[in-house]
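Report on the structure given below.
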Amino acid sequence: MSKKSLLQIADEITSNKSTEKNKYGSFQQNFEDSATIASILTNKNITPDIANAVLIGLKIARLRNGYHEDSFLDLHAYIAAFEINNPKSNKNKI
């Protein structure tokens with residue numbers, strides 16, 4: 001049996017195909033919640049898209065320090081979520 005690639009795992013997570021129960025909740029709700037919290041903390045209007053983009057930036061920054069499989073997996077998933085949760089994408093929300 002071959003090991004799945006990070007892209008395959010990220011696809012399973014973001015397309016709700018994962019056999020493992022999502023213990024973190026939906027991407028969309030988490031980005032909305034983190035945007036609300038960031039807005040309160042910064043006294044600025046932070047949108048869910050901005051919150052998602054910041055997490056993408058964080059993962060890229062962490063990868064500058066070397067290979068970390070979990071950071072690559074998160075990066076793939078956050079990029080997919082950014083597209084899927086965009087109202088112009090016409091994709092199912094995750």
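Values quoted throughout were computed directly from the atomic coordinates according to the rules given, and no laboratory measurement underlies them. Predicted model, so just to flag it, every value in this text is computed and none were measured. Virtual Cβ from ideal backbone geometry, glycine too; neighbours counted across all protein chains shown.
Packing, as the average of other Cβ atoms within 10 Å across residues, places the peptides 39-50, 68-79, 23-34 in the order 68-79, 23-34, 39-50, highest first.
Label-to-label distance, Ser26 versus Ala61, with points set 7 angstrom from Cα along the beta-carbon direction: 2.9 nm. An ellipsoid equivalent to region 20-94, defined through the eigenvalues of its Cα gyration tensor, has semi-axes of 20, 17, 12 Å when rounded to whole angstrom and sorted largest first. For the chain, the number of Lys pairs separated by eight or more positions or lying on different chains, with C-alpha atoms closer than 19 Å, is 7. Taking packing as the residue-averaged number of other Cβ atoms within 10 angstrom, the listed peptides 58-64, 81-87 run from highest to lowest as 81-87, 58-64.
A Förster radius of 22 Å combined with the Cβ-Cβ distance from Lys4 to Ser89 puts the calculated FRET efficiency at roughly 0.35.
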